[in-house]
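The values are calculated or read from the model by the stated rules, or taken from the named source; none is laboratory data. Quick caveat: nothing in here was measured; it's all calculated off a predicted structure. A quick note on method: Cβ atoms are made from the backbone with ideal geometry, for glycine too, and the neighbour counts reach across all protein chains shown.
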Amino acid sequence: MVYSKIEARSVRLCCNVFEGGVQAVKKSQETSPNYLLKSAREGHGWTQEELAEKIGATCVTISRWENGVTFPSHYFCKKLSSLYSKTFQELGLIRDDHRNRRRKYLRSSMLLHTSALHDSPPALSLSSSLRPRTKPIFLFNEPLTNPAEFYGRRCERETLISRTYRRASTSIIGPRRIGKTWLIDYLRLTAPKEFGARFSIGYLDATMPSCRSVTGFVTEALCVLGLPVTEDVDGLISLEKGLRVLKARDHIPVLCIDEFEGFSNKQEFTLDFFQGLRAMTHAYNLVLVVVSRNPLSMVMSKDVEPSGFFNIFEQLMLEPFDAEEVDEFIYEKGRQAGFTEQECEALSKYSAECQQGWPPLRLQLVGKMLLEDKERNKIGVQYWQKFKLRLEEIYRSVTS
């Protein structure tokens, strides 16, 4: 086929554009975190399992980093930097600034809404064609059923998953409604992908009526770990027999105990009880993840201190979200809810609790209220004053 000069020039231009695009994609891939992390590992001749062992992570976590599914927390960024003797930048570990991402979203949202930012309190936008949703955007006072809905706590999540994988026990503490149970739920929801089928994970609440005695606790523990329960449960001996079965199958039992304060009855839960639990963590690879408001040494009586039970845990203390965490939450949820810049600012303003940060539960509540009022077109001069009164009343009712 014979081309004219113009046609030949067009073909050359198309080829140049295509080649340039390919080179640009290749260059982008070579400078992306997943490519650089994988190259650094392979440069040392390590498998993902070997790298995971060196930094105290799981091979699944390493795979997710290298595939670009997740981004290493600051804790693991430091470990990787030290291990490879490279800077964060050389490893591609400079995280995108969530504040810049949020500002880009907010600027784009302004093109879709006619409202402008004023010095007066933010006003809700009117929208008559909101898309129907099959599930809520803000999960206020609801159980966690999707791990993708768990925001923030990146360091705590990595630590909990890593320790559990290495058969180490963890204590989660923090004030009421700070998200301790959600962190356990996150562990349980991600366990199949993170750990595989070898790990048997069970959950129980120590304040349940059935857990007021050692026998009742053992019965519940056997049940949630998928072990048979006989009529003649003989205290911790029955639990030991069940754990022996799991060990013979090469299964790792993980027992999550919420509201650990339920074991404060020192007449029932004695020194022997805690010594026995501690011994089983060593003999049968029992992993304990316990939740309480205060450190375990404060929860339990001094009579059980000689048991050494408290010494097997690493303590994770949960606090309100910091600025980076709240920016990520507002960016993602604001985008899902179709919030304007003013509404995002209101979400940040009314979710803050004095100088203590942003409690996750309060963020969910404020977002839920704003979205409901947005859908109902509740606008008025006195709106924000009434909004704050309603907010404080509802929030106090679930946190006091």
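Considering only segment 297-344, state which residues are within 30 Å of Asn265 (Cα to Cα), of a type in the set (Gly, Ala, Ser) and in a helix (DSSP H, G or I).
Ser297, Ser307
Name the residues in segment 57-80 that are modelled with pLDDT of 80 or more and surrounded by fewer than 17 Cβ atoms within 10 Å (Cβ to Cβ), would you?
Selection gives Lys78, Lys79.
Kindly evaluate Lys378 against the criterion of being crowded, with 16+ Cβ neighbours inside 10 Å and farther than 28 Å from Thr207 by Cα.
no
Among the candidates Thr230, Thr219, Thr190, Thr215, which residue alone is closer than 30 Å to Leu51 by Cβ, β-branched (Val, Ile, Thr) and either not in a helix (DSSP H, G or I) or not assigned by TED's automatic domain parsing to the domain that holds Thr61 (or both)?
Answer to the selection: Thr190.
Among what's in segment 41-56 and is assigned to a loop (DSSP other than H, G, I, E, B) and surrounded by 14 or more Cβ atoms within 10 Å (Cβ to Cβ), pick the residue that is modelled with the lowest pLDDT.
Gly56
Which members of segment 217-249 meet the condition of being among the charged types (D, E, K, R) and more than 28 Å from the chain's Cα centre (by Cα)?
Glu231, Asp232, Asp234, Glu240, Lys241, Arg244, Lys247, Arg249
Would you confirm whether or not segment 293-311 contains a residue that is surrounded by 18 or more Cβ atoms within 10 Å (Cβ to Cβ), more than 15 Å from Ala168 (Cα to Cα) and under 23 Å from the mean Cα position of the chain (by Cα)?
Scanning segment 293-311 turns up at least one residue that is surrounded by 18 or more Cβ atoms within 10 Å (Cβ to Cβ), more than 15 Å from Ala168 (Cα to Cα) and under 23 Å from the mean Cα position of the chain (by Cα).
For Gly202, state whether it is in the same structural domain as Thr281 (by TED's automatic domain parsing) and closer than 19 Å to Arg154 by Cβ.
Judged against the criteria, Gly202 is not a match.
Among what's in segment 133-153 and is outside any loop (DSSP other than H, G, I, E, B) and without any contact (Cβ under 8 Å) to a residue 12 or more places away in the chain, pick the residue that is surrounded by the fewest Cβ atoms within 10 Å (Cβ to Cβ).
For segment 133-153, the residue satisfying everything is Ala148.
Within segment 252-265, is even one residue part of a loop (DSSP other than H, G, I, E, B), on the phi > 0 side of the Ramachandran plot and surrounded by 16 or more Cβ atoms within 10 Å (Cβ to Cβ)?
Looking through segment 252-265, at least one residue is part of a loop (DSSP other than H, G, I, E, B), on the phi > 0 side of the Ramachandran plot and surrounded by 16 or more Cβ atoms within 10 Å (Cβ to Cβ).
Select, from Glu343, Glu332, the only residue that is among the charged types (D, E, K, R), touching a residue at least 60 places away in the same chain (Cβ under 8 Å) and farther than 13 Å from Gly152 by Cβ.
Answer to the selection: Glu343.
Exactly one of these conditions fails for Val224: (1) under 12 Å from Val254 (Cα atoms); (2) buried (at least 21 other Cβ atoms within 10 Å of the Cβ). Give me its number.
(2)
Sort out which residues of segment 204-221 are surrounded by fewer than 19 Cβ atoms within 10 Å (Cβ to Cβ) and over 17 Å from Gly276 (Cα atoms), and write them in order of number.
Correct list: Asp205, Thr207, Met208, Pro209, Ser210, Arg212.
Of everything in segment 54-93, what is more than 15 Å from Ile161 (Cβ to Cβ), free of Cβ contacts under 8 Å to residues at least 40 places away in the same chain and of a type outside the set (Ser, Thr, Tyr)? Give them in sequence order.
Lys54, Glu66, Asn67, Gly68, Cys77, Lys78, Leu83, Phe88, Gln89
Return the residues of segment 350-387 that are free of Cβ contacts under 8 Å to residues at least 12 places away in the same chain and assigned to a helix (DSSP H, G or I); say none if nothing qualifies.
Glu372, Gln385, Lys386
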